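Undergrad: Below: one structure in structure tokens.
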Amino acid sequence: MIRTLDAETRAKIAAGEVVARPASVVIELLENALDAGAETIQIAVDGGGTERIRVVDDGRGMSEADATLAVERHTTSKLSDADELEMVETLGFRGEALPSIAAVARLDLTTNDGGERGTRVVVERGDKTVSPAGRGRGTTVEVTGLFAERPARKKALAAAETEFARITSIVTRYALCRPDVRFVLRHDDRQTLSTPGSGDFIAAMLACYGRDAAGQASTFDATQVVSVGDERAEIRVDGVLCHPAISRARRDHVHVSVNGRALAEPRIRRAVSDGYGTLLPDGREPVAVVRLALPPAWVDHNVHPAKDEVGFRDPQAVAETVESAVRDALSTADLARSADLAMDLDSSLSARGEESVFDDVAVIGRFRDLYVLCEAGDELLIIDQHAAHERVNYERLLEAVADAGIDSVEVEPPARIRLSAPEAALFEANREAVERLGFSVTAAGSGTYRVEAVPAPLGRAFSPTALVDAIADVAAGDVSDPRDELLKDLACHPSIKAGDALTDEEAKRLVERLGACETPYSCPHGRPTVLALDEDAFVRGFGRRSGRRG
């Protein structure tokens, strides 16, 4: 039943009523459909979403009276007073989104709660009309002319391809976190995503990421009881984890939901990544779906206007529960990473002719096949062997590319790469920039692309799968030079890994070549290569006087 909220409740939920971009409309309409118990949700988008967004569901629908009231401000079917905000279990609790959408677009709603006829409500420029309509049980919402009367806000939007990529990402996130619901996404009358709605995580992964990811994925389910003071809560964590061989350069492919709400919660994403630990190569992030279920009173959904984050009664306890659940699940599967050792140190960096900053450094040992220990005057230097070799490789690549540029080589036969729906949308939005890096790509249908050429700096060809990371780097917009990001990735892959045993001679050559680098004290991704302990640290630790050896 739709009801009008009191002033106190309205004041507490006002932050959630802003429609910032087309993706905001899709989130609100999807969550309303899920709250209505929909088993199938169909989303159709024209252009970037400002032209038309249409969401059709087979949920409970509304009566004429409720449909008429639902488009009025401060009305909802999901809570009755401010106290219920503490215990809310629905997704759209902030207030129905319909009036917020109607304030910036033409809203056409047709719904039926199972009666003999349905109801159509149209809101345009503040005018509302209500009429009978033929429709089966469920709700259809069509939003057109978004921001047509708000030119400043419309001008602030990204290109249509980018806005649609954001929509695709949201639909994919929900499709993975709700495998029991069938999702269909169409763009300009072309189907771009369809999930079976069977309730099977692996089936949803197959629809969104293809056979490679689904074939190397495992489901998991864990429950843990945590306490805060005298209060105890049961936290359930379930989902699907892909083998570490299926990884990405960014954490965007860790899909998280909390009590049914799919969101980009950074703390939980980080906990999932931490659960993988050293199974992932440096600089790589997992592909995973992780759902949390915990008492509603332990979650505050009303903390972020874009619904990307939530508040927890005990954030640390929740993160630790997720991390341990992921780690335990991975420990039961054969997921150990086997790294190829690349020890071509002699060709990693040509001599520069200038003095190495480590000319006076003596290698005195190694520790745990992770670190090279060196004596340098009154200091003990601890060098991370992987970070050091990565820096050496990266500067060699930079030097070569500055002279010759990045060549491309043909892939024979062309490799077929399956992109997820968000990745495909991002690629189409940034195709020109990606191809400038040296990739040649053509569409092969159903989310599959043929990679016909790849970048090959110094004749070392990238794997066609590097296309996925290149798309992410270009689309992120937070890197000044996507070509540089490619070189960082290329420098990382052949570098010595943590756990690779070095001989005395290999360790010595690595230190020499690191010292010849222009920036020897950090790897290309910004992590330190060298830590130093001076003699005073040992003097203080052992309670000695400086310089005394007796």
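The rows are residues; the columns are (1) at pLDDT 95 or above; (2) assigned to a helix (DSSP H, G or I); (3) under 17 Å from R137 (Cα atoms); (4) not charged (D, E, K, R).
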site	(1), (2), (3), (4)
T9	no, yes, no, yes
I53	yes, no, no, yes
E72	no, no, no, no
L91	no, no, no, yes
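Undergrad: Here's something else I'd like to know. Can you name every one of the strands (runs of 3 or more DSSP E) wholly within the stretch 432-550 that holds 3 or more residues which are small (G, A, S) and either at pLDDT 85 or above or out of contact with any Phe, Trp or Tyr (no Cβ under 7 Å at 6 or more places or on another chain) (or both)?
TA: Strands (runs of 3 or more DSSP E) meeting the threshold: 440-445.
Undergrad: Being crowded, with 16+ Cβ neighbours inside 10 Å, under 25 Å from V287 (Cα atoms) and over 24 Å from the mean Cα position of the chain (by Cα) is true for just one of A456, A387. Which residue is that?
TA: A387
Undergrad: A follow-up question, please. Here is a list: T168, T144, T111. Which entry is hydroxyl-bearing (S, T, Y), touching a residue at least 60 places away in the same chain (Cβ under 8 Å) and in contact with a helix residue (DSSP H, G or I) (Cβ under 6 Å, 6 or more places away or on another chain)?
TA: T168
Undergrad: Which residues, counting only those in the stretch 118-128, are more than 10 Å from D108 (Cβ to Cβ) and either part of a strand (DSSP E or B) or of a type outside the set (K, R) (or both)?
TA: Within the stretch 118-128, G118, T119, G126, D127, K128 meet the criteria.
The values are calculated or read from the model by the stated rules, or taken from the named source; none is laboratory data. Predicted model, so just to flag it, every value in this text is computed and none were measured. Please note: Cβ atoms are built from the backbone with ideal geometry, for glycine as well, and neighbour counts cover all protein chains shown.
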